[in-house]
1. Tell me whether the stretch 21-36 contains one or more residues that are more than 8 Å from the ligand (Cβ to nearest atom), out of contact with any Lys or Arg (no Cβ under 6 Å at 6 or more places or on another chain), without any contact (Cβ under 8 Å) to a residue 12 or more places away in the chain and of a type in the set (Val, Ile, Thr).
2. Looking at THR84, is it within 12 Å of the ligand (Cβ to nearest atom) and without any contact (Cβ under 8 Å) to a residue 40 or more places away in the chain?
3. Could you pull out every one of the strands (runs of 3 or more DSSP E) wholly within the stretch 80-133 that has 1 or more residues that are of a type in the set (D, E, K, R) and farther than 17 Å from LEU10 by Cα?
4. Cβ-Cβ under 6 Å, sequence separation 6+ or interchain: first residue in the stretch 2-16 and more than 13 Å from GLU44 (Cβ to Cβ), partner open to solvent by 20 Å² or more (accessible area, probe 1.4 Å) and of a type in the set (Ser, Thr, Tyr). Which pairs?
5. Among the residues of the stretch 58-65, is any more than 9 Å from the ligand (Cβ to nearest atom), exposed (fewer than 13 other Cβ atoms within 10 Å of the Cβ) and over 21 Å from ASN137 (Cβ atoms)?
6. Could you check LEU45 against (1) within 12 Å of the ligand (Cβ to nearest atom); (2) touching a residue at least 40 places away in the same chain (Cβ under 8 Å); (3) crowded, with 17+ Cβ neighbours inside 10 Å and say which number it fails?
7. Does VAL39 qualify as being modelled with pLDDT of 95 or more, of a type outside the set (Lys, Arg), in a strand (DSSP E or B) and open to solvent by less than 60 Å² (accessible area, probe 1.4 Å)?
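The values are calculated or read from the model by the stated rules, or taken from the named source; none is laboratory data. All of these numbers come straight from a predicted model, not from anything done at the bench. FYI the Cβ positions are ideal-geometry reconstructions off the backbone, even for glycines, and counts take in every protein chain you see. Heavy atoms of the whole protein, side chains included, go into the accessibility calculation; ligands, DNA and RNA do not. Shrake-Rupley method; radii C 1.70, N 1.55, O 1.52, S 1.80 Å.
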Amino acid sequence: MERVLVSSCLLGRPVRYDGQAKTSSSDILARWRAEGRVVPFCPELAGGLGVPRPPAELRNGQVVTVHGDDVTDAFVQGAELALTAAREAEARVAVLKEGSPSCGSRQIADGTFSGNKIPGSGITTALLRSHGITVFNEEQFEEADALLRG
Ligand code: SF4
């Protein structure tokens, strides 16, 4: 059974910066869990950040918190550990939370903490993609499932 890396917050784990989850109600995700396919992963926790933690956004290739602290190293470490987890599970597909500076795959915050989004991807998504892993967001479970079946 081919495995899939999935953002922990989509699985109901309260690991977001604000201590909340972003639980997905996808039937496909529920089936994947029943099949034992899912590899839960939160790059930011893996990188050593806590819950809650200050919001952070990508800006000019660095990740900075709303307080101005540079947390790029933790984000990069989390991305590398996500890649390791995907490789160990032999996953070629990931479904990650859209909009995150780690997990975003189509859009990210613009770095001004104003709520504006711009096209782009998070640090983990970029690293996974550069190693041949296809990354989808939580609106794309059908596409991800089709790739698994293909
Ligand atoms: S880093 Fe990814 S998995 Fe962790 S809380 Fe943020 S979006 Fe969810």
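1. No, the stretch 21-36 contains no residue that is more than 8 Å from the ligand (Cβ to nearest atom), out of contact with any Lys or Arg (no Cβ under 6 Å at 6 or more places or on another chain), without any contact (Cβ under 8 Å) to a residue 12 or more places away in the chain and of a type in the set (Val, Ile, Thr).
2. Criteria not met by THR84.
3. Working: elements: 93-95, 107-109, 117-119.
Correct list: 117-119.
4. LEU10/SER24; GLY12/THR23
5. Taking every residue of the stretch 58-65 in turn, at least one turns out to be more than 9 Å from the ligand (Cβ to nearest atom), exposed (fewer than 13 other Cβ atoms within 10 Å of the Cβ) and over 21 Å from ASN137 (Cβ atoms).
6. (2)
7. Criteria met by VAL39.
For (1) open to solvent by less than 20 Å² (accessible area, probe 1.4 Å); (2) not small (Gly, Ala, Ser), each residue gets a yes or a no:
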| residue | (1), (2) |
| --- | --- |
| LEU29 | yes, yes |
| GLY50 | no, no |
| ASP69 | no, yes |
| GLY99 | yes, no |
